[in-house]
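These notes concern the structure reproduced below.
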Amino acid sequence: MLHLRQSMFSIASAAIFGVLGVLYGASAIDGVGVVLAGVTLNVATSWALTGLMFIMAYFSLVHLRHES
């Protein structure tokens with residue numbers, strides 16, 4: 001069984017959310033909507049998901065500051 005410390009999990013999840021934010025942002029810049037379960041949503045949804053991913057990454061890192 002793999003044991004990760006809480007700080008390593010927070011950093012890993014922030015990195016994943018950050019990468020997803022960059023990818024959603026790149027698709028929004030290209031004018032491509034988000035495809036979820038075979039349904040293509042508009043470009044505004046790509047921008048919304050970009051912001052959501054960066055907010056999730058931020059909260060993953062803020063969690064580290066309050067841990068001691």
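List of remarks:
- Along its first, second and third principal axes, ordered by size, the chain spans 43, 27, 14 Å in Cα coordinates.
- Acute angle (nearest 10 degrees) that the helix 43-65 long axis makes with the longest principal axis of the chain, alpha-carbon atoms: 10
- FRET efficiency for Ser7 and Ala48, using Cβ-Cβ distance with R0 set to 25 Å, rounded to 0.05: 0.30
- The long axis of helix 6-29 is offset from the longest Cα principal axis of the chain by roughly 10 degrees.
- Computed per residue of the chain from DSSP H runs no shorter than four, each worth -39500 (n - 2.57), the mean residue ellipticity at 222 nm is -24500 deg cm²/dmol.
- Per-atom-type breakdown for the chain gives carbon and sulfur 72% of the accessible area (1.4 Å probe, protein chains only).
The values are calculated or read from the model by the stated rules, or taken from the named source; none is laboratory data. Computed from a prediction, not measured in an experiment: that's the story for all the values here. A quick note on method: Cβ atoms are made from the backbone with ideal geometry, for glycine too, and the neighbour counts reach across all protein chains shown. Just the protein is used for accessible areas: all its heavy atoms, side chains included, with ligands, DNA and RNA removed. Shrake-Rupley method; radii C 1.70, N 1.55, O 1.52, S 1.80 Å.
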